[in-house]
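Asks: Structure incoming, see below.
The values are calculated or read from the model by the stated rules, or taken from the named source; none is laboratory data. Fair warning: this is a prediction, and the values are worked out from it, not measured in the lab. We place every Cβ from the backbone using ideal geometry, glycine too, and count neighbours over all the protein chains shown.
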Amino acid sequence: MDQRVNGGVGAPIPHDSGHLHVSGGALYTDDIPEIRGTLHAAIGVSERAHARLKSVDLTKVAAAPGVVAVITAKDIPGKNDYGPVVADDPIFATALVQYHGQSLFAVAAKTVEEARRAARLGVIEYEDLKANLTAEAALKDQSFVLPTERLVRGNPRAAIATAPHRLAGKIRIGGQDQFYLEGMVAYVVPREDGTMLVYSSTQHPGEVQHQVAHALDRPAKDIVVECRRMGGGFGGKESQPGLFACVAALLAQKTRRPVKLRADRDDDMMITGKRHDFVTEYEVGFDDDGRILGVDFVLAGRCGYSADLSGSINDRAMLHSDNCYYLENVSILSFRCKTNTVSNTAFRGFGGPQGMIGIEAVIDDIARHLDKDPLDVRKANFYGVTERNVTHYRQTIVDNVIHDIVADLEKSADYHARREALRAFNAKSPFVKRGIALTPVKFGISFTATHLNQAGCLLHVYTDGSIMLNHGGTEMGQGLFTKVAQVVAEELSVDIGRIRITASDTSKVPNASATAASSGSDMNGKAAQAAARELKARLTAFAAAHFGMAPETVAFRKNQIHVGDQTVSFNELVKLAYFARVSLSATGFYKTPKIGYDRKTWSGMPFYYFCYGAAVSEVAIDTLTGENRLLRVDILHDVGKSLNPAIDMGQIEGGFVQGMGWLTMEELWWNDKGKLMTHAPSTYKIPVASDVPPQFNVRIYESGINAEDSIFRSKAVGEPPLMLAISTLHAIRDAIASTAGYALSPKLDAPATAEAILMSINELATRRAKVTAAAKAAVPA
Amino acid sequence: MAAIRRKTTATNGTVRFVLDGEVVAVDHVDPTRTVLNFLREDLGRTGTKEGCAEGDCGACTVVLGELDGAAVRFRAVNACIQFVPTLDGKELITVESLEHANGALHPVQQAMVDCHGSQCGFCTPGFVMSLFALYKSASRPSRTDINDAIAGNLCRCTGYRPIVEAAGRMYEYGNGTRKADENWMNCSFSSLTDRQPSRSERDMIERLRSIQRRDMLALTTGNRLYFAPARVAELADIRVAHPEARIVAGGTDVGLWVTKQHRDLDKVIYVGNVAELKQIALTDTHIEIGAAASLTDAFAALVGDYPEFDELFRRFASPPIRNAGTLGGNIANGSPIGDSMPALIVLGTTLVLQKGPRTRELPLDEFYVAYQKTALEPGEFVLRIRVPKPDAAAHVRSYKISKRFDQDISAVCGGYRIAIEDGVVRSARVAYGGVSAIPKRAPACERALVDQPWNEDTVRAAMAALDRDYTPLTDMRASAAYRKLVTKNLLYRFWVETTGQYTATRVLESFA
């Protein structure tokens, strides 16, 4: 007989809300039935990038139809700040505005339409100040949100200077809007005695709780934040929902009525932060095999007007500037540039992708310089398994599987034969050129701020044998709730159908970290396991006592408990335990072991373990227009022992496509006044179905197993697959390189839009002409 | 707020449509109230989502059923920019309509669950509805058909692969359960063509017949007027009486004035009920397209004669936009980046304009006067678009450059028509959108082509001449430098493609 429970660990079951998603029955924050008297809010924003506020006249706003309340910074009883780390994010700007779209005031009205119309009626006088809109401009002015950091190992200057070959380069890496389909929304319901219930679409209910408490000048105990699900987060709802929750709460406190604030798409995109764009410069010295002897990176991340999470994001860029490569002599200088643009924030990968793109560009340049297959140069630089295995931050890698993954993928994707075939194609095709690239991924798992690596769970068993599960993680579509429920089902040997997964709620599990850093199932799974084991231990002890047997004879198997030769159903045992006054509620707690590092010396163990993967992309580009198409993608990705292969597959495919959008078509464009002009899907283009390659072969690495004691030896899967898409950028570089006989390395910034590609082709042609002319001139007449 | 009743007799001033098998009557509705807000706020049907309020993300997709002769035609539209009165006489199907009363999921929904087609789930109702429209209108969709059907739906989580898979598998769920008493919702397109309609289908058609109107629908709500004439003569009279009224056809542009710019439209004339205006006729010399024919129908007719434009039209907006939007609207709105304009201009398209009883004909390239300004007189409207039939001696092409292939606005869109005789260019028409305030022809370029041999020297000279025709700008879609360059290179591509050099010139072909 099959002893497995339904929906246990490893089962590819559908998302717990799948049936609700498809029928419209899944409630998002804006779908919660409104309480009578609910008001709707809108934010009035700055129309200047950098200016002193000379006067703010809101007479017309207050007089507009339907308006019930108007608030500015003066109406904040507590702190005018929602900054997650540094107190530099005002809820409402006061004397100074620092970006186009910054919140100045808010209005509550009877309808959404009335609120939005009124919010446009503010009469604001500005005195313009000089605005720095790019990282380069900020760098020139030495304008930073946080101190500059430098990580050095070995002697990179000397290693570069004495290397047989040297190259220098620069790449611009664009930002990216999270473009969660559900925009920012908060619904605040005042309750008795000054307390508030806040429904917020947030990855971090605990932080929203504190932000609202601070703004209202109330203790945290008076604020409850709840979130059943988000319509996507991707990091965009890690620190940013606080503004919307605070504004709604302030208006609710003032009007004593429920207030909902839902930003429309344009406001959402103009007000909230995005992925950091980077300008990365590098200098590298290497040997004839392409092995890097020394490398020097300068990373300039555009942080926007405030610190937000930029410290950790830029740290992660530094920590991922190695990707899979051993860098013996390395220097990484990291500038956290302050600009008069929206404060950039978390986005899947959290700086890691930007760091990795830098080293991958270095590798490609080396390969072109030596006329080698970039894959050979990659392999020559891979971390070893037992030697050359200490990262530039002095963590020894003990779980390196990149060699095996790349070898497997190289074969299954038929990399070498296809590379030859497409070069033959290119020789005959004057306008359309093809390119191919295999790029690897190694991504470190854990919050680099060590204290955040903790999680809690609350588990109730009711007398009918049904189970309520709650934990500090949030559901944004990644299937966290499903996976954690699978862990509980497995631990208690009960079918998943009896488990009700409930909304994230600060009054059920306190002080939870953001659901971020890919850590959701690792940490909440472990916390849930602890709670389930606690309950199981109590039930085991009770069953042993009740049946007069030793505890070792008690076994939980598929909704039944065996005690010696007796069998009792889970329901019966629970009922018996209740009558015997056994507590049927437990909490679980988890903190990630081993980790910890010293940021001052950039050394230690910031990551519990690493995730690995690799992708081969093949593209076609049009050399007349720069248009490109992704033709085929092969992926092999390591998720350890999967908790749910169907969900993990969804993360891999979805992460790849999101990364491909970032690197090939999603372009954020500000005008010269600092106004974002790509603030809706009509102008900001994320991939659609036809952008997915017709051949998309994705495999989970079957021998994957976490070397550490993670939850059932699984691995995190949220962020790492995004970086598989770096292969698309490099396939395009390969195609461009073909236009100059593969002799020169293309300069290609991301995103590789048609324009970027065509300009890169032309630059390459110009460079080639110069090289040819120089070669001719060098020949004596 | 609008007053909603169930069942009513036909009265003017009342909008009637079918929802979940019942006739719904709505009185006193604001004529510019969107179907999305009506569903979510007035009916509490929150399954339909707002993702962008501009018809670009598809989270709000609903399906409309409309009588088409003896059958019903189902098409996906964006509820966020559709006005409630335009539902009059139609069946509105939302994601909540699909689930059976006993809780059983619709085949489309079940396929989506089984294929893991949802993650965050916010876009899912829109995908379900786009797939439902496909389920009801195609039997064995190819991967391209599926991609096209969901080109207007954005998903940020899944990477689309499982959704495409669900679209392929949804037909399997209908098999074996198909009975005469089957609910019409569950019957796929193929099953309808294979068999007699079920009782449920006949009832559905009967209900729709019961709410058709022969007369004009006129609504007065507060100070707002809404007219939906049923005949051209009525339209002509109303237009003269209210020259300041905004004509709405698909609402795919005007809808945004309301949702994005918060503009008040106090007088609206909806032309979607004028049957004559939706007709498409093929004469010996022309394709005659009624101004209110949907883009879907108009493009199908044009591609019939001009297969060269298949790619352009497939990449034009998305199915929900093409289903709602009209060719007349695309022309009359005067946008500098209307993607059909360069092609239509080079074909020598003319417009028949009507004012009161008077009609006149105007070449399309004389229709645009300045940025978003046309030659329409007050009280005048576009009646018909006349596209000449192909000339065997002429080559035509249109190329669109955009950041994304599907459903994007072009950075540059070029149209070309050239007639060659004995290797010499006898006539040339070249037009571009996206490089000046209006879509317009390139006279210097055309002069450089006419009477010249159709060779590389000529095309290079004509490419250089384009600098005299256009001074493009830099914006979020492309830089001026790129526009200048690609405008020329597209002409070069046209030359390559029309000189019998069998070589790949488009990356899209690499797909095949």
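Asks: Of all residues in segment B:220-232, count the ones that are under 12 Å from B:GLY13 (Cβ atoms) and in contact with a helix residue (DSSP H, G or I) (Cβ under 6 Å, 6 or more places away or on another chain).
Replies: Adding up the residues that qualify gives 2.
Asks: Only one of these is acidic (Asp, Glu) and in a loop (DSSP other than H, G, I, E, B): B:ASP365, B:ASP339. Name it. Give the derivation first.
Replies: Working: B:ASP365 fails: in a loop (DSSP other than H, G, I, E, B).
From the options B:ASP365, B:ASP339, the qualifying one is B:ASP339.
Asks: Regarding segment B:102-125, can at least one residue be identified that is within 24 Å of the chain's Cα centre (by Cα), more than 10 Å from chain A (Cβ to nearest Cβ) and buried (at least 21 other Cβ atoms within 10 Å of the Cβ)?
Replies: Checking segment B:102-125: not a single residue is within 24 Å of the chain's Cα centre (by Cα), more than 10 Å from chain A (Cβ to nearest Cβ) and buried (at least 21 other Cβ atoms within 10 Å of the Cβ).
Asks: What is the number of the single condition among (1) surrounded by 24 or more Cβ atoms within 10 Å (Cβ to Cβ); (2) over 23 Å from B:LEU36 (Cβ atoms); (3) more than 8 Å from chain A (Cβ to nearest Cβ) that B:MET129 does not meet?
Replies: The number of the failed condition is (2).
Asks: When you check B:TYR171 against the structure, is it touching a strand residue (DSSP E or B) at 6+ places or on another chain (Cβ under 6 Å), more than 14 Å from every other protein chain (Cβ to nearest Cβ) and of a type outside the set (S, T, N, Q), yes or no?
Replies: Working: touching a strand residue (DSSP E or B) at 6+ places or on another chain (Cβ under 6 Å): no; more than 14 Å from every other protein chain (Cβ to nearest Cβ): yes; of a type outside the set (S, T, N, Q): yes.
So B:TYR171 fails the test.
Asks: Here is a follow-up. Please go through (1) in contact with a Ser or Thr (Cβ under 6 Å, 6 or more places away or on another chain); (2) modelled with pLDDT of 95 or more; (3) not in a helix (DSSP H, G or I) for A:THR448 and return the number of the only condition it doesn't satisfy.
Replies: Among (1) in contact with a Ser or Thr (Cβ under 6 Å, 6 or more places away or on another chain); (2) modelled with pLDDT of 95 or more; (3) not in a helix (DSSP H, G or I), the lone unmet condition for A:THR448 is (2).
Asks: Out of B:ALA292, B:ALA300, I need the residue that is under 15 Å from the mean Cα position of the chain (by Cα), farther than 28 Å from A:LYS685 by Cα and modelled with pLDDT of 90 or more. Which one? Break it down into steps so the answer makes sense when it comes.
Replies: Values: B:ALA300 fails: farther than 28 Å from A:LYS685 by Cα.
Matching residue, one of B:ALA292, B:ALA300: B:ALA292.
Asks: Now a separate question. Given A:ALA163, A:ALA135, A:ALA115, A:ALA159, which one is within 23 Å of A:PHE244 (Cα to Cα), in contact (Cβ under 8 Å) with a residue 12 or more places away in the chain and crowded, with 17+ Cβ neighbours inside 10 Å?
Replies: Details: A:ALA163 fails: within 23 Å of A:PHE244 (Cα to Cα); A:ALA135 fails: within 23 Å of A:PHE244 (Cα to Cα); A:ALA159 fails: within 23 Å of A:PHE244 (Cα to Cα).
Criteria check complete, one pass: A:ALA115.
Asks: Within segment A:21-40, can you find the residues that are among the small types (Gly, Ala, Ser) and either more than 32 Å from the chain's Cα centre (by Cα) or more than 10 Å from chain B (Cβ to nearest Cβ) (or both)? Before you say what the answer is, go through the steps one by one.
Replies: From segment A:21-40, those among the small types (Gly, Ala, Ser) are A:23-26, A:37; that's our starting set.
Answer for segment A:21-40, where residues must be among the small types (Gly, Ala, Ser) and either more than 32 Å from the chain's Cα centre (by Cα) or more than 10 Å from chain B (Cβ to nearest Cβ) (or both): just A:GLY37.
Asks: A:ALA87 fails exactly one of the following numbered conditions: (1) surrounded by fewer than 16 Cβ atoms within 10 Å (Cβ to Cβ); (2) under 31 Å from the mean Cα position of the chain (by Cα); (3) touching a residue at least 40 places away in the same chain (Cβ under 8 Å). What is the number of that condition?
Replies: The single condition A:ALA87 does not satisfy is (3).
Asks: Kindly indicate the residue of segment A:619-647 that is surrounded by fewer than 24 Cβ atoms within 10 Å (Cβ to Cβ) and in contact with a Gly (Cβ under 9 Å, 6 or more places away or on another chain) and also nearest to the other protein chains (Cβ to nearest Cβ) among those meeting that condition.
Replies: Ranking the candidates gives A:ALA646 first.
Asks: Looking at (1) more than 7 Å from chain A (Cβ to nearest Cβ); (2) within 23 Å of A:ILE736 (Cα to Cα); (3) not in a helix (DSSP H, G or I), which one does B:ALA481 not meet, given that it meets all the others?
Replies: Going through the list (1) more than 7 Å from chain A (Cβ to nearest Cβ); (2) within 23 Å of A:ILE736 (Cα to Cα); (3) not in a helix (DSSP H, G or I), B:ALA481 breaks only (3).
Asks: Any residue at all in segment B:465-475 that's more than 9 Å from chain A (Cβ to nearest Cβ), of a type outside the set (D, E, K, R) and not in a loop (DSSP other than H, G, I, E, B)? Please lay out each step first, then the result.
Replies: The initial filter retains those residues of segment B:465-475 that are more than 9 Å from chain A (Cβ to nearest Cβ), namely B:465-474.
From what's left, of a type outside the set (D, E, K, R): B:465-466, B:470-474.
Imposing the further condition that a residue be not in a loop (DSSP other than H, G, I, E, B) reduces the set to B:465-466.
Within segment B:465-475, one or more residues are more than 9 Å from chain A (Cβ to nearest Cβ), of a type outside the set (D, E, K, R) and not in a loop (DSSP other than H, G, I, E, B).
Asks: A:ILE13 is checked against (1) assigned to a loop (DSSP other than H, G, I, E, B); (2) away from chain B (no Cβ under 14 Å) and fails just one. What number does that condition carry?
Replies: So the condition that A:ILE13 fails would be (2).
Asks: Go through (1) within 22 Å of the chain's Cα centre (by Cα); (2) among the aliphatic types (A, V, I, L, M); (3) buried (at least 24 other Cβ atoms within 10 Å of the Cβ); (4) within 10 Å of another protein chain (Cβ to nearest Cβ) and name the single condition A:MET665 misses.
Replies: Condition not satisfied by A:MET665: (3).
Asks: Whether any residue in segment A:709-716 is out of contact with any strand residue (DSSP E or B) (no Cβ under 6 Å at 6 or more places or on another chain), part of a helix (DSSP H, G or I), of a type outside the set (A, V, I, L, M) and more than 11 Å from every other protein chain (Cβ to nearest Cβ) is what I want to check. Quick ask: steps written out before the conclusion?
Replies: Here is the first cut: in segment A:709-716, the residues out of contact with any strand residue (DSSP E or B) (no Cβ under 6 Å at 6 or more places or on another chain) are A:709-712.
Add one more test, that the residue is part of a helix (DSSP H, G or I), and what stays is A:711-712.
After this cut, where a residue has to be of a type outside the set (A, V, I, L, M) as well, the list is A:712.
Cutting the leftovers down to more than 11 Å from every other protein chain (Cβ to nearest Cβ) gives us A:712.
Checking segment A:709-716: at least one residue is out of contact with any strand residue (DSSP E or B) (no Cβ under 6 Å at 6 or more places or on another chain), part of a helix (DSSP H, G or I), of a type outside the set (A, V, I, L, M) and more than 11 Å from every other protein chain (Cβ to nearest Cβ).
Asks: Quick one: in segment B:142-159, which of the residues that are within 7 Å of chain A (Cβ to nearest Cβ) and under 20 Å from A:GLU475 (Cα atoms) is surrounded by the fewest Cβ atoms within 10 Å (Cβ to Cβ)?
Replies: By that ranking, first place goes to B:LEU154.
Asks: State the number of residues belonging to segment B:425-464 that are in a helix (DSSP H, G or I) and in contact with a Cys (Cβ under 7 Å, 6 or more places away or on another chain). It would help to see each step written out before you state the result.
Replies: Taking segment B:425-464 and keeping what is in a helix (DSSP H, G or I), we get B:443-449, B:456-464.
Remaining after also requiring in contact with a Cys (Cβ under 7 Å, 6 or more places away or on another chain): B:462.
So the count comes out to 1.
Let's see how each residue does on (1) modelled with pLDDT under 95; (2) closer than 25 Å to B:THR14 by Cα; (3) not hydroxyl-bearing (Ser, Thr, Tyr):
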residue	(1), (2), (3)
B:LEU87	no, yes, yes
B:CYS155	no, no, yes
B:GLY159	no, no, yes
B:GLU172	yes, no, yes
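Asks: Here is a follow-up. Please go through segment A:170-208 and pick out each residue that is in a strand (DSSP E or B) and either within 20 Å of A:ASN314 (Cβ to Cβ) or free of Cβ contacts under 8 Å to residues at least 40 places away in the same chain (or both).
Replies: So the first thing to find is which residues in segment A:170-208 are in a strand (DSSP E or B), and the list is A:170-173, A:176, A:185-190, A:196-200.
Once the filter is applied, which keeps residues that are in a strand (DSSP E or B) and either within 20 Å of A:ASN314 (Cβ to Cβ) or free of Cβ contacts under 8 Å to residues at least 40 places away in the same chain (or both), segment A:170-208 yields A:LYS170, A:ILE171, A:ARG172, A:ILE173, A:GLN176, A:LEU197.
To keep it simple, each residue is scored yes or no on (1) modelled with pLDDT of 95 or more; (2) in contact with a Cys (Cβ under 6 Å, 6 or more places away or on another chain); (3) in a strand (DSSP E or B); (4) hydroxyl-bearing (Ser, Thr, Tyr).
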{"residue": "A:SER642", "(1), (2), (3), (4)": "yes, no, no, yes"}
{"residue": "A:ASP648", "(1), (2), (3), (4)": "yes, no, no, no"}
{"residue": "A:GLY654", "(1), (2), (3), (4)": "yes, yes, no, no"}
{"residue": "A:GLY659", "(1), (2), (3), (4)": "yes, no, no, no"}
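Asks: Something else now. Restricting attention to segment B:411-437, which residues are within 11 Å of chain A (Cβ to nearest Cβ) and not β-branched (Val, Ile, Thr)? Can you show your working first?
Replies: Kept after step one, since they are within 11 Å of chain A (Cβ to nearest Cβ), are these residues of segment B:411-437: B:411-412, B:414.
Residues satisfying the conditions are B:ALA411, B:GLY414.
Asks: Select the helices (runs of 4 or more DSSP H) contained entirely in segment B:295-334, then report the ones holding at least 2 residues which are closer than 19 Å to B:GLY433 by Cα and in contact (Cβ under 8 Å) with a residue 12 or more places away in the chain. Working first, answer last.
Replies: Numbers: elements: B:295-305, B:310-314, B:319-324, B:327-332.
Fully inside segment B:295-334 and qualifying: B:295-305, B:310-314, B:327-332.
Asks: A follow-up question, please. Quick check, is A:TYR684 touching a Leu at 6+ places or on another chain (Cβ under 9 Å), modelled with pLDDT of 95 or more and more than 10 Å from every other protein chain (Cβ to nearest Cβ)? Steps first, please.
Replies: Values: touching a Leu at 6+ places or on another chain (Cβ under 9 Å): yes; modelled with pLDDT of 95 or more: yes; more than 10 Å from every other protein chain (Cβ to nearest Cβ): no.
No.
Asks: Please specify each residue of segment A:401-413 satisfying the condition of being under 28 Å from A:GLY741 (Cα atoms) and either in contact with a helix residue (DSSP H, G or I) (Cβ under 9 Å, 6 or more places away or on another chain) or in a helix (DSSP H, G or I) (or both). Walk me through how you get there before you give the answer.
Replies: At the first step, the residues of segment A:401-413 found to be under 28 Å from A:GLY741 (Cα atoms) are A:406-407, A:409-413.
Residues satisfying the conditions are A:VAL406, A:ALA407, A:LEU409, A:GLU410, A:LYS411, A:SER412.
Asks: Please go through segment A:687-708 and give me each residue that is at the interface with chain B (Cβ under 7 Å from one of its Cβ atoms), part of a loop (DSSP other than H, G, I, E, B) and in contact with a helix residue (DSSP H, G or I) (Cβ under 7 Å, 6 or more places away or on another chain), ordered by number.
Replies: Once the filter is applied, which keeps residues that are at the interface with chain B (Cβ under 7 Å from one of its Cβ atoms), part of a loop (DSSP other than H, G, I, E, B) and in contact with a helix residue (DSSP H, G or I) (Cβ under 7 Å, 6 or more places away or on another chain), segment A:687-708 yields A:VAL692, A:PRO694.
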